[in-house]
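What follows draws every value from the coordinates through simple rules; no lab data is involved. The shown structure was predicted, so the numbers you read here are calculated from the model rather than taken from an experiment. As a convention, Cβ positions derive from the backbone with ideal geometry for all residues, glycine included, and neighbour counts pool all protein chains shown.
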Protein chains: 2
Amino acid sequence: METTDLTGDSLVKVLATPASPHRMRVLAALATGPTYVSQLARDLGISRALLQVHLKRLQTVGLVADHIEVSDDGKAMKFYEVVPFALCLTPQTLATASESLTDSADRGESTKKGT
Amino acid sequence: METTDLTGDSLVKVLATPASPHRMRVLAALATGPTYVSQLARDLGISRALLQVHLKRLQTVGLVADHIEVSDDGKAMKFYEVVPFALCLTPQTLATASESLTDSADRGESTKKGT
DNA sequence: TGCACGTGCCATTAATTCATTGCATGTGCC
DNA sequence: GGCACATGCAATGAATTAATGGCACGTGCA
């Protein structure tokens with residue numbers, strides 16, 4: 001994932017995602033390697049509910065991905081891993097992205113690039 | 001300004017700043033060249049009050065700088081310009097930054113790195 | 001069967017942030 | 001003096017986001 005691949009609206013959301021202590025820590029933790037929700041929650045010392053909210057958001061913007069993995073004892077665990085990305089922010093890249101900003105983004109909605 | 005120059009707390013704030021349509025547009029506009037508040041407000045089609053709020057925030061995180069310029073007719077105008085920056089976000093840079101995250105940042109305060 | 005552990009999601013409340021409006025100050029010009 | 005334009009800031013209300021708690025479901029094991 002690169003800065004130039006994103007529309008202004010998308011970039012706004014992608015940037016806002018790591019811009020949170022919780023999510024930054026989650027990314028950092030996953031940068032070490034994949035882990036499953038409950039374990040990650042314990043590692044970070046936050047509730048599973050809260051972690052899931054942040055994971056979902058990270059996944060929505062495409063910063064992390066998940067896959068189910070069944071442990072030997074039959075437990076279906078959801079593993080998350082970081083999706084490689086390299087976002088370069090410069091006045092230029094932002095200026096370019098801003099060109100594709102829609103006014104509906106002023107609040108931070110939609111951009112549900114459907115089909 | 002570079003990613004590695006920032007502490008986790010700072011990075012969180014810096015990232016959150018362009019993560020706003022308004023501020024992204026402001027940066028884009030300033031990327032073209034310096035301008036003064038009232039003019040910029042007209043260009044962007046937003047109120048001066050609102051623009052000032054965003055400019056202040058951009059300046060707080062060091063993305064823009066200002067200087068007074070007195071026009072021929074004696075009006076003191078405040079010009080703003082973009083401060084060159086290149087922030088590279090990768091799982092690694094974020095992981096590194098996260099190490100210096102303080103828990104007080106969970107809400108988004110302080111980081112008033114004094115001297 | 002009861003306990004431990006994993007997942008998922010919703011409703012509620014609390015806290016933050018965002019934007020608007022209004023007013024005050026200063027300078028040049030008609 | 002009155003009008004136009006520039007800046008600045010504070011109070012207020014609206015809206016959005018964040019986090020918690022509770023509850024449901026499934027599997028393996030003593």
What nm distances, shortest first, do you get from the label point of A:GLY33 to those in the other copies when the point sits 7 angstrom along Cα to Cβ? 5.6
Long-range amide H partners of B:MET77 with built H, under 5 Å: B:GLU69, B:VAL70, B:SER71
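Over all residues in B:77-86, what is the mean tally of Cβ atoms on other chains that come within 10 Å of each residue's Cβ? Please list the in-between numbers first.
Working: counts 0, 0, 0, 0, 1, 5, 1, 3, 4, 6.
Across B:77-86, the average partner-chain Cβ count within 10 Å equals 2.
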Report the number of Lys pairs in the protein assembly as shown whose alpha-carbons are under 28 Å apart, with separation of 8 or more residues or on distinct chains. 27
Quick one: with label points 7 Å out along Cα→Cβ, list the inter-copy distances for B:VAL53 in nm, shortest first? 2.3
Local electrostatic count at A:GLU81 - Lys and Arg +1, Asp and Glu -1, tallied over other residues with Cβ under 14 Å: -1
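For peptide B:5-17, how many partner chain Cβ atoms fall within 10 Å of a residue's Cβ, on average? Before the final figure, lay out the partial values.
Numbers: counts 0, 0, 0, 4, 2, 0, 3, 7, 1, 3, 10, 6, 3.
Averaged over the peptide's residues, the number is 3.
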Count charges around B:ILE68 for me, please; just the other residues with Cβ under 12 Å from its Cβ, Lys/Arg as +1, Asp/Glu as -1. 0
What whole-number distance in Å separates the alpha-carbon centres of the stretch B:18-67 and the stretch A:1-68? 29 Å
If you line up the long axis of helix A:48-60 against the longest principal axis of chain A, both from Cα atoms, how many degrees apart are they, to the nearest 10? 40 degrees
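Please report the net charge: other residues with Cβ closer than 15 Å to the Cβ of B:THR96, K and R +1, D and E -1.
On the way: positive: A:ARG25; negative: B:GLU2, B:ASP5, B:ASP9, B:GLU99.
Result for the local shell: -3.
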Amide H partners (placed H, <5 Å) of B:VAL64, local residues excluded: B:GLN59, B:VAL83
Sorted from shortest, what are the nm distances separating the label point of A:MET1 from equivalent points in the other copies, each placed 7 Å from Cα along Cα to C-beta? 2.2
